[in-house]
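Chemist: Got a structure here, written out as structure tokens. Questions coming.
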Amino acid sequence: MKEQHIQPRVVFVSTAIGVLLFVAAFFGLETYLPSQDVVGSDSQGYAKNYGYVASGAKSSSPAFTTKGVPDDAMLLFGSSELSTPASIIPEVPAMVFGFGNYGVNLAYVGEAYDQSLWQSIAVGAYAEHTQNKKIAIIVSPGWFEDGGLDNETFKLRFSYNLYRQFCKNPQISQANKDYVAKRLAEQGIDDTTINAGLGNTPVDWVNDFVLGAMNDLQIRKDLKDIRPLGIEEADVDGDMNAETYPFAELREEALGEAEIASTNNDWGMEDNYYTENVADNYDRLKGLRADQTFSQTPEYADFSHLLQICKEAGLEPLVIISPLHGPFNDHVGISEETRKQCYDHIKAICENEGVQMADFTDREYEKYFLFDTVHFGWTGWVDVEEAIYDFVNQAQE
């Protein structure tokens, strides 16, 4: 690995610029963290809970994320499904766990296009910040499409703040740090940035100092928009509790809401989604993706290393495996057998690494489990929440 990254350059030569960035980045650092008047004391609980805010800026700051949630909050790593609006699917965790006192608190980490490589870095960065060492990871089979995530999209999602904390985590093996560095180079991250995180030379230390300060400034600026979005403590329903968690009732309600929201198609998709994305393209979509094999991708290796990093970092993951939409994928030409091979590969990696799974891949033909082609729908979220609830409460048995 070191042989591949032996010519780092200094990002800025001017010492004065570095000093100014240091002052700007660290003077008043607490201004972007949830302050004491927002968080409240341990005995009183949190006045605002930022756990259910889906944001790239928030996810890039373990300090903000973990200070803005209760101490027992469990990290939920995911992708675009974390942004599913409650106005479309009222069963999202923000509404169920966030507004119900069920003894389960979550902290969203991730946004659209954050896949296994990004999550590997985030897991290593968050491990020393979270008190709850149980985590959940939502894995979408769509990540494993041939070719993997394109470089430009990955670079938009890359967070140097997370990467430098990942590299500084002494629990992560050098082998896994080297693997991540290699994959970052393949995804188009420049050698200077990669080496700055690894910190093998004095030049790397200078670059890390400057890049870290710059990234911190940007995160602090972006977090200003996050501060108003937390759930107010007073809004939480205190009458419900873990002993009376009404999963069966929630599922019945979800079915009723789904029937109202999905009326113009037989696939159980939300009406507006179907109209805007499927109906007008129905004939064009038929057989369009028949050449997709879900085999020519680095994502499987990334996922395996993600689970290894969890183990090294002392985290116990629950891997939640989402299904693809069966009828839709039949229509576009991705066969049931192709999808099964993808599912089996994901599950084999989980079994090899000895992690728990909440496997929903047998639900791809269940109406209303997804609300579009890939994201959990009305009943899907209820079942995911039940799996999370069971996983959280194993620690209490």
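The values are calculated or read from the model by the stated rules, or taken from the named source; none is laboratory data. Just so we're clear, the structure is a prediction, and the values are computed from it rather than from any experiment. When we count neighbours, we look across all protein chains shown, and the Cβ atoms used for this are built from the backbone with ideal geometry, even at glycine. Heavy atoms of the whole protein, side chains included, go into the accessibility calculation; ligands, DNA and RNA do not. Shrake-Rupley method; radii C 1.70, N 1.55, O 1.52, S 1.80 Å.
Chemist: Can you tell me which of 114, 150 is in contact with a Ser or Thr (Cβ under 6 Å, 6 or more places away or on another chain) and acidic (Asp, Glu)?
Modeler: When all the criteria are applied, what remains is 114.
Chemist: Sticking with this structure for a sec: Going through the range 311-336 one residue at a time, which ones are in contact with a Gly (Cβ under 9 Å, 6 or more places away or on another chain) and farther than 28 Å from residue 265 by Cβ?
Modeler: 311, 312, 313
Chemist: Something else now. Of the residues 191, 204, 178, only one is acidic (Asp, Glu), open to solvent by less than 10 Å² (accessible area, probe 1.4 Å) and more than 26 Å from residue 106 (Cβ to Cβ); which?
Modeler: After ruling out the rest, the residue left standing is 204.
Chemist: Do we have any residue at all in the range 332-349 that's hydrophobic (A, V, I, L, M, F, W, C), without any contact (Cβ under 8 Å) to a residue 60 or more places away in the chain and within 23 Å of residue 121 (Cα to Cα)?
Modeler: Pass one, the range 332-349, residues hydrophobic (A, V, I, L, M, F, W, C): 332, 334, 342, 346, 348-349.
Among the residues that remain, those that are also without any contact (Cβ under 8 Å) to a residue 60 or more places away in the chain are: 332, 334, 348-349.
Remaining after also requiring within 23 Å of residue 121 (Cα to Cα): 348-349.
Yes, some residue in the range 332-349 is hydrophobic (A, V, I, L, M, F, W, C), without any contact (Cβ under 8 Å) to a residue 60 or more places away in the chain and within 23 Å of residue 121 (Cα to Cα).
Chemist: A follow-up question, please. Sort out which residues of the range 161-201 are free of Cβ contacts under 8 Å to residues at least 60 places away in the same chain, part of a helix (DSSP H, G or I) and touching a Lys or Arg at 6+ places or on another chain (Cβ under 7 Å), and write them in order of number.
Modeler: 167, 197
Chemist: Just to be sure before I move on: is residue 128 open to solvent by 40 Å² or more (accessible area, probe 1.4 Å) and closer than 25 Å to residue 85 by Cβ in the structure I sent? It would help to see each step written out before you state the result.
Modeler: Working: open to solvent by 40 Å² or more (accessible area, probe 1.4 Å): yes; closer than 25 Å to residue 85 by Cβ: no.
In short, no.
Chemist: In the set 24, 16, 112, which member is modelled with pLDDT of 90 or more and surrounded by fewer than 24 Cβ atoms within 10 Å (Cβ to Cβ)?
Modeler: Only one candidate passes the filter, namely 112.
Chemist: Return only the number of the condition from (1) buried (at least 22 other Cβ atoms within 10 Å of the Cβ); (2) out of contact with any His (no Cβ under 8 Å at 6 or more places or on another chain) that residue 67 does not satisfy.
Modeler: Residue 67 satisfies all of (1) buried (at least 22 other Cβ atoms within 10 Å of the Cβ); (2) out of contact with any His (no Cβ under 8 Å at 6 or more places or on another chain) except (1).
Chemist: Looking at the range 131-155 only, could you name the residues that are farther than 24 Å from residue 373 by Cα and under 15 Å from the mean Cα position of the chain (by Cα)?
Modeler: Matches in the range 131-155: 134, 135.
Chemist: Follow-up. Read through the list (1) among the polar types (S, T, N, Q); (2) more than 26 Å from residue 253 (Cα to Cα); (3) without any contact (Cβ under 8 Å) to a residue 24 or more places away in the chain, then give the number of the only condition that residue 55 fails.
Modeler: Of everything listed in (1) among the polar types (S, T, N, Q); (2) more than 26 Å from residue 253 (Cα to Cα); (3) without any contact (Cβ under 8 Å) to a residue 24 or more places away in the chain, residue 55 misses just condition (3).
Chemist: Specify the residue that is farthest from the chain's Cα centre (by Cα); the eligible residues are those in the range 265-295 that are closer than 30 Å to residue 120 by Cβ and surrounded by 12 or more Cβ atoms within 10 Å (Cβ to Cβ).
Modeler: Result: 289.
Chemist: For the range 342-397, enumerate the residues that are buried (at least 17 other Cβ atoms within 10 Å of the Cβ) and on the phi > 0 side of the Ramachandran plot.
Modeler: Listed by number, the list holds a single entry, 368.
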